[in-house]
Amino acid sequence: MEHKELMHLACEARERAYAPYSGFAVGAALLTKGGKVYTGCNIENAAFSPTNCAERTAFFKAVSEGEREFSAIAVTGGPAGKAPAEHCTPCGVCRQVMAEFCRGDFLILLGNEETLTVHTLAELLPHSFSL
């Protein structure tokens, strides 16, 4: 799958974000090594700690369906109701979840449909906690 196509799916997922507290909508599209895509959006909660990020939503959907091998994730975000920002990086918790299931060469695409950058998990989380 082309990087732009994966980012497009992340942008579509962003439209489903539930972000009434932060007003910051995020979408993610996770590509398995088998070619299947799982999308996710951020889902907020008034208590805030039960809030789930888009990236973890996509990972948890995939893992709950039996997937364990991933090649890339596209992440896009920005103020709800506006075009996505050029750069929206995963939070530390999401990076650590990625490290649970992916190696350092896992690709993380950041941006929007016009502009995207490609990073590896090792670049964004150089000293992950792992067994």
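Please treat every number below as a calculation from the coordinates, not as lab data. Just so we're clear, the structure is a prediction, and the values are computed from it rather than from any experiment. All Cβ positions, glycine included, derive from the backbone under ideal geometry; neighbour counts span all protein chains shown.
Quick notes
- Between Y18 and K4, the contour length at 0.36 nm per residue exceeds the alpha carbon distance by 2.6 nm.
- In the range 71-130, the GluC sites (Glu not before Pro) that fall in loop regions by DSSP, at most 12 other Cβ within 10 Å: E114
- Residues T115, T51 arranged by fewest to most Cβ contacts within 10 Å: T115, T51
- Charged-residue dipole, Cβ positions (Lys, Arg, Asp, Glu), the chain about Cα centre, Debye nearest 20: 240 debye
- Residue exposure proxy: C41, C91, C11, ordered by other Cβ atoms within 10 angstrom of their Cβ from fewest to most, comes out as C91, C11, C41.
- Rounded if a/c under 1.5, otherwise prolate or oblate - the range 54-94, Cα gyration tensor axes: prolate
- Remark: I43, I73, I108 ranked as I43, I108, I73, counting other beta-carbon atoms within 10 Å and listing the fewest first.
- Seen from all directions on average, the chain presents a Cα convex hull projection of 7.5 nm².
- In units of the compact-protein estimate 2.2 N^0.38 Å, the range 66-131 shows a Cα radius of gyration of 1.17.
- Computed Rg/Rh of the range 23-62, alpha carbon atoms with Kirkwood Rh: 1.07
- When you restrict to C-alpha pairs under 8 Å that are six or more residues apart and normalise by the size of the chain, the relative contact order lands at 22 percent.
- Label-zone membership for the range 95-117, site T89, 7 angstrom Cα→C-beta point, backbone N under 20 Å: 95-113, 115-117
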